[in-house]
Amino acid sequence: MLIESGDAVATDFISIARPHRPAADRIRQALGTELAQLPDAATAGISGNLPEWVGFNLGLALTSARAADHAAPFPPTDLMYHTTGLQQDRDFAQHGADILTALSAASPKPLGEFTSILDFGVGVGRVARYYKGFSGRYVGADIDEPNLRWVAGHLPWVETVLTEPAAPLPFEPATFDGVVSISVFTHIDRETTEFYVDELYRLTRPGALLFLTLHGDQALNLALSDAEVGRLIGISPERLEQARGELANDGFHFAEQYTHLTRANYRYGTTFASQQGAEAIFGRRFKVVGFVPGAIHAFQDLIVLERP
Ligand SMILES: C[S@@+](CC[C@H](N)C(=O)[O-])C[C@H]1O[C@@H](n2cnc3c(N)ncnc32)[C@H](O)[C@@H]1O
């Protein structure tokens, strides 16, 4: 069954409830809080102290025009919404920070110490914007040209690469020692997932670490217990029940949805994988070195892989 839902894949993580005061935020930003001295974190970026860099992005950078110049810019609302379901700069910054913090907690080594990172499905840079100041190479790949055009024009530390869906990625073997892929394997079918498992294996170096998010039991249970969550991800209760059955038996369920990314050779939708299912699919090529259920907002799981 094809579920028609324009907004379905736009919403990835369930937004944390927090009050919005956009008018007050705009006024504060326009006035700017002039600061005699910015913290070191503002200039060191990802290469410095991570909690301070995150704190700077969620604090001063949102309230002072001068400080904001040291953080990354925000994408326009339409791109932000279509890619992440978010509409406020503050939420985009918070989600990016939450993801980065979860990656950092699960990573065997500091995030700033990788030398060559692929952000597979970079979107409009929710994570990439925090890599300002990175001493290595940061490549953002995506199949969505408007997203990539924005990243190329606004995040100069990101090398952008437009890729074709379900086609070989244009990188030499053993190019990367790190891969980040947030809310991408949550949308593709098993065959395409397996194709990318082989591709990611080819283009990573032995010892490389990969951080991928997935919808697992927590996301499914939340969608089943909260009709609003099911509606946000665009999956009917009947389909969620089917997903529950398939997760128990097979460890994987793909619900196809029609989106602007759907192509003749590329099915897109919402994907669920149990821990066992994910370990079977990704473990075919990689060593599973971590699995954090609900790592992102108690909704998406995080799987950490090491390239043998
Ligand atoms: C839900 S968005 C998440 C974007 C970003 N990772 C983030 O967390 O904000 C999914 C992104 O993956 C991209 N994408 C989907 N399939 C892809 C593929 N096969 N190769 C590269 N990018 C893909 C989409 O165009 C979109 O930008």
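For (1) surrounded by 19 or more Cβ atoms within 10 Å (Cβ to Cβ); (2) more than 19 Å from the chain's Cα centre (by Cα), each residue gets a yes or a no:
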| position | (1), (2) |
| --- | --- |
| TYR258 | no, yes |
| ARG263 | no, yes |
| THR271 | yes, no |
| GLY277 | yes, yes |
| LYS287 | no, yes |
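Criterion applied to LEU214, LEU162 was being crowded, with 16+ Cβ neighbours inside 10 Å and not small (Gly, Ala, Ser), and the one residue passing it is LEU214. Considering (1) out of contact with any Leu (no Cβ under 8 Å at 6 or more places or on another chain); (2) open to solvent by 30 Å² or more (accessible area, probe 1.4 Å); (3) more than 16 Å from the ligand (Cβ to nearest atom), the lone condition that PHE252 does not fulfil carries the number (2).
For the range 90-105, what are the residues that are more than 8 Å from the ligand (Cβ to nearest atom) and either modelled with pLDDT under 95 or of a type outside the set (Asp, Glu) (or both)? Matches in the range 90-105: ARG90, PHE92, ALA93, GLN94, ALA97, LEU100, THR101, ALA102, LEU103, SER104, ALA105. Of the candidates LEU148, LEU240, the single residue that is among the hydrophobic types (A, V, I, L, M, F, W, C), over 28 Å from ALA298 (Cα atoms) and surrounded by 19 or more Cβ atoms within 10 Å (Cβ to Cβ) is LEU148. Under the condition of being part of a helix (DSSP H, G or I) and touching a residue at least 24 places away in the same chain (Cβ under 8 Å), which residue from the range 106-126 is farthest from the ligand (Cβ to nearest atom)? Restricting to residues being part of a helix (DSSP H, G or I) and touching a residue at least 24 places away in the same chain (Cβ under 8 Å), the top hit is GLY112.
Selection over the range 127-137 of residues that are in a strand (DSSP E or B) and within 8 Å of the ligand (Cβ to nearest atom) gives a count of 0.
For GLY245, the conditions (1) surrounded by 16 or more Cβ atoms within 10 Å (Cβ to Cβ); (2) free of Cβ contacts under 8 Å to residues at least 60 places away in the same chain are fulfilled apart from (1). The residue of the range 68-81 that is least open to solvent (accessible area, probe 1.4 Å), among those that are over 13 Å from LYS132 (Cβ atoms) and part of a helix (DSSP H, G or I), is MET80.
Each residue in the range 193-231 was checked for being away from the ligand (no atom under 16 Å from the Cβ), in contact (Cβ under 8 Å) with a residue 60 or more places away in the chain and not aliphatic (A, V, I, L, M), and 6 of them qualify. Only one of (1) surrounded by fewer than 17 Cβ atoms within 10 Å (Cβ to Cβ); (2) within 22 Å of ILE46 (Cα to Cα); (3) within 17 Å of the chain's Cα centre (by Cα) is not met by GLN87, so which one is it? Unmet for GLN87, out of (1) surrounded by fewer than 17 Cβ atoms within 10 Å (Cβ to Cβ); (2) within 22 Å of ILE46 (Cα to Cα); (3) within 17 Å of the chain's Cα centre (by Cα): (2). Scanning the range 40-79 for residues that are at pLDDT below 95 and charged (D, E, K, R) returns ASP40, ARG66, ASP69. Of all residues in the range 167-197 being among the hydroxyl-bearing types (Ser, Thr, Tyr) and surrounded by fewer than 23 Cβ atoms within 10 Å (Cβ to Cβ), which is nearest to the chain's Cα centre (by Cα)? Looking at residues that are among the hydroxyl-bearing types (Ser, Thr, Tyr) and surrounded by fewer than 23 Cβ atoms within 10 Å (Cβ to Cβ), I get SER181. Do we have any residue at all in the range 183-202 that's out of contact with any strand residue (DSSP E or B) (no Cβ under 8 Å at 6 or more places or on another chain), among the hydrophobic types (A, V, I, L, M, F, W, C) and under 30 Å from ASP89 (Cβ atoms)? No.
Could you check the range 90-108 and list, in sequence order, the residues that are open to solvent by less than 60 Å² (accessible area, probe 1.4 Å), among the charged types (D, E, K, R) and more than 11 Å from ILE296 (Cβ to Cβ)? The one that is open to solvent by less than 60 Å² (accessible area, probe 1.4 Å), among the charged types (D, E, K, R) and more than 11 Å from ILE296 (Cβ to Cβ): ASP91.
Scanning the range 257-295 for residues that are under 20 Å from ILE235 (Cβ atoms), within 14 Å of the ligand (Cβ to nearest atom) and in contact with a strand residue (DSSP E or B) (Cβ under 7 Å, 6 or more places away or on another chain) yields GLN257, ARG267, TYR268, GLY269, THR270, THR271.
The values are calculated or read from the model by the stated rules, or taken from the named source; none is laboratory data. Quantities reported herein were computed from a predicted structural model and do not represent experimental measurements. Note: ideal-geometry Cβ built from the backbone for every residue, glycine included; neighbour counts use all protein chains shown. Just the protein is used for accessible areas: all its heavy atoms, side chains included, with ligands, DNA and RNA removed. Shrake-Rupley method; radii C 1.70, N 1.55, O 1.52, S 1.80 Å.
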